[in-house]
Amino acid sequence: MSDDTARPRLVLASASPRRLDLLKQIHITPDAVDPADMDESPLRDELPRDHAARLAAEKAQVVAARHPGCAVLAADTVVAAGRRILPKAEDEATARSCLELLSGRRHKVHGGVTLIGPDGREHHRLVTTAVTFKRLDTREMTMYLRSGEWHGKAGGYAIQGLGGLLIQQVIGSYPNVVGLPLLETANLLASVHIRPEA
């Protein structure tokens, strides 16, 4: 049987347009998109890495139950300053407090990825990227807040947009900060015969 014939249906368990775009960047198009739509609150004393890994696994499990026989890919991105998990910024005050905290310091972005194969087996990866912000002055802070780009973004910024102007250094996977570590994800998908389309 060729790899093409063996390719299972792929379901992306995410509502994030960024993850869909990242998959398309490596020529992989999911057959369906079905967000898990679950509570993403951290557990008490849960570390940022553990939070990212747990949510990716739970999202995949919820969606796999709705799509038996398919491959289900889920991911979660956690921005952390030390042991503190930063929220998704839904209002300007939250975005400002995130930017003030990150200004002039290094933080970590943890990307949890889970793939559940058609046979029900789970495969997990956890990728960490270190990101250093420049020290932001009032003008830069105001400019970024006015852009509205921060809305719905973990840590209150988007590295792939105007947020790139705030960042001094990235050590590790850049696409992990956008929302999906591509190398690790591609390797997981290849293990169930899902490869980039020509």
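Remarks
- Test set (1) part of a helix (DSSP H, G or I); (2) without any contact (Cβ under 8 Å) to a residue 24 or more places away in the chain; (3) of a type outside the set (K, R) - P68 fails condition number: (1)
- Positions within segment 47-66 being within 22 Å of D119 (Cβ to Cβ) and open to solvent by 10 Å² or more (accessible area, probe 1.4 Å), in sequence order: A53, A57, E58, K59, Q61, V62, A64, A65, R66
- Residues within segment 78-90 that are in a loop (DSSP other than H, G, I, E, B) and open to solvent by less than 70 Å² (accessible area, probe 1.4 Å), tallied: 4
- Any pair with Cβ under 8 angstrom, 6 or more apart, that starts in segment 119-146 at a residue that is within 19 Å of L101 (Cβ to Cβ) and ends at one that is of a type in the set (S, T, Y) and open to solvent by 70 Å² or more (accessible area, probe 1.4 Å): T129/Y174
- Across segment 16-37, the number of residues qualifying as out of contact with any helix residue (DSSP H, G or I) (no Cβ under 6 Å at 6 or more places or on another chain), under 20 Å from A57 (Cα atoms) and open to solvent by less than 70 Å² (accessible area, probe 1.4 Å) comes to 7.
- Checking G69 against (1) open to solvent by 10 Å² or more (accessible area, probe 1.4 Å); (2) in contact with a strand residue (DSSP E or B) (Cβ under 7 Å, 6 or more places away or on another chain), the condition it does not meet: (2)
- Given (1) within 17 Å of L126 (Cα to Cα); (2) part of a helix (DSSP H, G or I), index of the condition A75 fails: (2)
- Number of positions in segment 15-46 that are at pLDDT below 95 and either under 17 Å from V113 (Cβ atoms) or acidic (D, E) (or both): 8
- Only residues that are open to solvent by 30 Å² or more (accessible area, probe 1.4 Å) and either more than 12 Å from Y157 (Cα to Cα) or in contact with a strand residue (DSSP E or B) (Cβ under 9 Å, 6 or more places away or on another chain) (or both) were counted in segment 92-105, giving 5.
- Every pair of residues 6+ apart whose Cβ atoms lie under 7 Å, when the first sits in segment 41-54 and is under 18 Å from E184 (Cβ atoms) and touching a residue at least 60 places away in the same chain (Cβ under 8 Å) while the second is surrounded by 17 or more Cβ atoms within 10 Å (Cβ to Cβ) and of a type in the set (D, E): A52/D76
The values are calculated or read from the model by the stated rules, or taken from the named source; none is laboratory data. Keep in mind that what you see is a predicted model, and the values were worked out from it rather than measured. We place every Cβ from the backbone using ideal geometry, glycine too, and count neighbours over all the protein chains shown. All accessible areas refer to the heavy atoms of the entire protein, side chains included, with ligands and DNA or RNA removed. Shrake-Rupley method; radii C 1.70, N 1.55, O 1.52, S 1.80 Å.
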